[in-house]
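First up is the structure itself, then whatever we jot down about it.
The values are calculated or read from the model by the stated rules, or taken from the named source; none is laboratory data. These numbers come from a predicted model, not from an experiment. Cβ: placed from backbone, ideal geometry, glycine included. Neighbour counts: every protein chain shown. Heads up: the accessible areas ignore ligands, DNA and RNA and are worked out on the full protein's heavy atoms, side chains in. Shrake-Rupley method; radii C 1.70, N 1.55, O 1.52, S 1.80 Å.
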Amino acid sequence: MPGSTPMAVVEADDALWQEYQDLTLRSYGHRVEDVARLRAHADARVAVRDRRVIGGGLALAIPQFFGGRPVPGACLAGGCIAPEARGSRLWSTLLDERLRPLKEQGAVLATAWTASTGYGHRMGWAAPSQVYSWTVPTEELRGITGGCGFDILHGADNQDRARQQTLAGDWNGPWQRPSWWPTWQQAEHPGMTHYRFALPGQAPDGLLAIAFDRDRDGGRRLTVHDFWAATGEAATAMLGFLGRHHSRIPSVMFQRTALPPVPLLHHHLRRAGAATATSWHPWMLRILDPAEAVRRRGWPEDLDLTLALTLRADDESPSAPLLLRITSGVGDLTPHARKRHELALTDRQFAHWYAGGYRVPAAALLDGVRGEPRSVAQLVRATADREPWMPEYF
């Protein structure tokens, strides 16, 4: 009977990983170059049955910013299951085994890009934000005024990378980019060019990474991969700079991770509807250790909060009562003797809240968070100071 032999998940040696690379081609329908590029930086695991590789993937130990502080995380990349082995609930086992070594190294949360959002939701993963790429005629950006005092400098250096990390802390989700990030991205996007925007004598307030490629019709376009702006003036200068390419490049495409989730682009367009959006599958977040994730995260300094709550998986009984306390920028989540709880959340809802995905109490209530509206409002305020954004695609 197919699928009756137990599956084993093991660390991949070179031979097993080559077999897995062949599997990704059969599974995705195209070669996944990152499977080879990222292996040196990742924990590589494969699922083996009857001495054949039937699945696998990478797990990267990379902190992510939440509340302004880097939280130890496990970023999953390049995962797949062989087409003939799908549908037998192997994916959850494979995910657990891929995460296990990174949990042992201290990861308290996990992040992945996946099209299987429904399956992820049932396993306690949340999709904190919608993801779009935006395409706009270059003419629409031509002549944008403002930000004229910025010097535009070609190239990037260590100071710029440090500045990017500072700006990343203003959002929930960005990587604390590792030292190998620039080399990996240059291999991923050959010809990518960096610019920085700075007022005379000051550190850069804007960082831009672009490349040129072809659209679906074969025409040339400019693709924006990184768009980091500390101020509205810097963002305006960067958009105006992109418009200077109008004579040769008919369109600008902001890739799915490029723009923060705010109407930055639309506020500068002359014509309503000039930009077109393409929806992508989202990044998903799972909290592996709720208590430690709360302790490691940053919190608003002016917040003084105490709430009793319970957590539960969608198909399991709730946890024992827990007490969430946040004061002076420090949070903790501990067992609590009080039997009465003010809030009840699933693992998925907890992850969504942790990332700042609930911008208003109504959003949490509509998503099924249970509790008095006043308590829900207090909970939402704790993470609403920063919006969720994942600028890295992996």
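Okay, here's what the table says:
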item	result
Residue list for segment 377-394, restricted to those being open to solvent by less than 10 Å² (accessible area, probe 1.4 Å) and among the small types (G, A, S)	A382
Filter result (free of Cβ contacts under 8 Å to residues at least 24 places away in the same chain, surrounded by fewer than 17 Cβ atoms within 10 Å (Cβ to Cβ) and within 21 Å of L323 (Cβ to Cβ)) within segment 345-376	P373, R374
Strands (runs of 3 or more DSSP E) wholly inside segment 294-394 that include at least 1 residues being touching an Asp or Glu at 6+ places or on another chain (Cβ under 6 Å)	304-312, 322-327, 343-346
Answer from V48, V71, V10 - the residue that is among the β-branched types (V, I, T), modelled with pLDDT of 95 or more and surrounded by fewer than 16 Cβ atoms within 10 Å (Cβ to Cβ)	V10
Filtered residues of segment 79-94 (kept if at pLDDT 85 or above and loosely packed, with under 14 Cβ neighbours inside 10 Å)	P83, E84, S92
Qualifying residue in segment 318-336 (condition: under 23 Å from T114 (Cβ atoms), open to solvent by 10 Å² or more (accessible area, probe 1.4 Å) and outside the structural domain of D170 (by the TED database))	no
Strands (runs of 3 or more DSSP E) contained entirely in segment 167-255, each with at least 3 residues that are at pLDDT 95 or above and open to solvent by 30 Å² or more (accessible area, probe 1.4 Å)	193-198
Check on A308, over 29 Å from D34 (Cβ atoms), free of Cβ contacts under 8 Å to residues at least 12 places away in the same chain and not assigned by the TED database to the domain that holds E188	no
Leading residue by the ranking (nearest to R45 (Cα to Cα)) among those in segment 98-119 that are of a type outside the set (A, V, I, L, M, F, W, C) and at pLDDT 95 or above	R98
Count of residues meeting criterion [under 20 Å from W171 (Cα atoms) and in contact with a helix residue (DSSP H, G or I) (Cβ under 6 Å, 6 or more places away or on another chain)] in segment 287-308	1
Failed item in (1) in contact with a helix residue (DSSP H, G or I) (Cβ under 8 Å, 6 or more places away or on another chain); (2) open to solvent by 60 Å² or more (accessible area, probe 1.4 Å); (3) not basic (K, R), with A127 passing the rest	(2)
Answer residue from segment 1-41, given it is touching a residue at least 12 places away in the same chain (Cβ under 8 Å) and of a type in the set (S, T, N, Q) and is farthest from R100 (Cα to Cα) among those	S27
Qualifying residues in segment 133-161 (those that are farther than 26 Å from R271 by Cβ, in a helix (DSSP H, G or I) and touching a residue at least 12 places away in the same chain (Cβ under 8 Å)) - the one least open to solvent (accessible area, probe 1.4 Å)	D160
